[in-house]
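Only one structure is covered here, and it is reproduced in the block below.
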Amino acid sequence: MSRLGNLYQSVIGKKAIVAVTGSIMIGFLLLHGWGNLKVFSGATAAGVPEVDVYADFLRTMGVPILPYGSALWIIRIVVLVSLILHVICVVQLARHNRKARPVHYKHARNFEEATLPARAMIYTGSIVVLFLGFHLAQFTVGGVGSAPFVQGDVYGNLYGAFQHPVYVALYVGVMAVIGIHLYHGAWSLFQTLGWDNPDRNKSLRMLSVALGVGIFLAFSAIPISFFSGEMNKPSLQHADTSSRSNK
Ligand code: HEM
């Protein structure tokens, strides 16, 4: 077997894959959060919301060297492959740990010293994957949710969706779950990298908490702001952006 194959088969190799793919997805989330926060940046002089301009930029990135939309497709493929590898390796590591455990614990109290977020990783991770399917159907492909979907009109789509308390509650609830997942994910990442040590652990824990809470607050601010009536109604910009392709 090749050296790469051997590494993949080993526990340390799988942990490295989980760490690298997790970091890629954290990077994507930070970028996505930054892009989403453009809903608070208003509109251009022509009345096009800044968030729609950003969505258009994602598609025109690299043009004319790359064909229209291809840079975005590269990002999508990297994130998708990362997600698949992350899930496969996490499941394999969990199986390995179960097999390696010499006795089955009878009482939860005797369970290894894992925190609640650590033991909940498999559940919080599953919720993220389920959410992602729904989220793409709602805001990228369209067709799911009660508000009409207009390709390229990101601001209008968000505005329409978050007039409904059910979607606001769903998104804020899932963002809390993602925050918890990221908190423990970041902490595990630091351990895999071998950065943990009694002198640094407090700071690394704080950094992990800051990431989880920061992502929760930044993402939740969007549905809450649309629902609270703080955001302007989409108006003229519909006509301007609906002519743009979202492919
Ligand atoms: C309040 C929270 C969120 C809001 C308001 C939001 C909003 C959006 C919108 C409007 C789009 C379509 C953008 C476009 O067409 O250019 C989108 C796409 C996407 N979102 Fe989110 N998002 C949120 C949270 C998340 C989270 C937590 C994840 C990951 C776990 C995520 C992953 C994605 C992905 C993968 C895409 C597809 C990107 C693409 O292919 O263009 N989103 N999101």
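The values are calculated or read from the model by the stated rules, or taken from the named source; none is laboratory data. Since the model is a prediction, treat every value here as computed from it, not as a measurement. Glycine also receives a Cβ, built like all others from the backbone with ideal geometry; neighbour counts cover every protein chain displayed.
Matching residues to (1) farther than 26 Å from GLY125 by Cα; (2) buried (at least 17 other Cβ atoms within 10 Å of the Cβ):
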position: ASN6; (1), (2): yes, no
position: LEU31; (1), (2): no, no
position: LYS38; (1), (2): yes, yes
position: GLY42; (1), (2): yes, no
position: MET61; (1), (2): yes, no
- Given the structure, is SER243 modelled with pLDDT under 95 and exposed (fewer than 15 other Cβ atoms within 10 Å of the Cβ)? yes
- Starting from the range 14-36, keep only residues that are over 16 Å from VAL129 (Cα atoms), then list their pairs with residues that are within 11 Å of the ligand (Cβ to nearest atom) and of a type in the set (Val, Ile, Thr) whose Cβ atoms are within a distance under 6 Å, requiring at least 6 positions of separation or different chains. ASN36/ILE222
- Filtered residues of the range 149-166 (kept if of a type in the set (Ser, Thr, Tyr) and crowded, with 20+ Cβ neighbours inside 10 Å): TYR155
- Query: In the range 213-224, is there at least one residue being farther than 22 Å from VAL51 by Cβ and at pLDDT 95 or above?
  - Reply: yes
- Query: From the residues in the range 181-229 that are over 27 Å from VAL39 (Cα atoms) and within 14 Å of the chain's Cα centre (by Cα), which one is surrounded by the fewest Cβ atoms within 10 Å (Cβ to Cβ)?
  - Reply: ALA186
- Item | All positions within the range 38-81 that are part of a helix (DSSP H, G or I), among the hydroxyl-bearing types (Ser, Thr, Tyr) and more than 11 Å from the ligand (Cβ to nearest atom) | SER41, THR60, SER70
- Message: Given the condition crowded, with 16+ Cβ neighbours inside 10 Å, under 23 Å from LEU182 (Cβ atoms) and without any contact (Cβ under 8 Å) to a residue 60 or more places away in the chain, answer yes or no: does some residue in the range 94-102 qualify?
- Response: no
- Residues within the range 66-80 that are without any contact (Cβ under 8 Å) to a residue 12 or more places away in the chain and β-branched (Val, Ile, Thr), tallied: 2
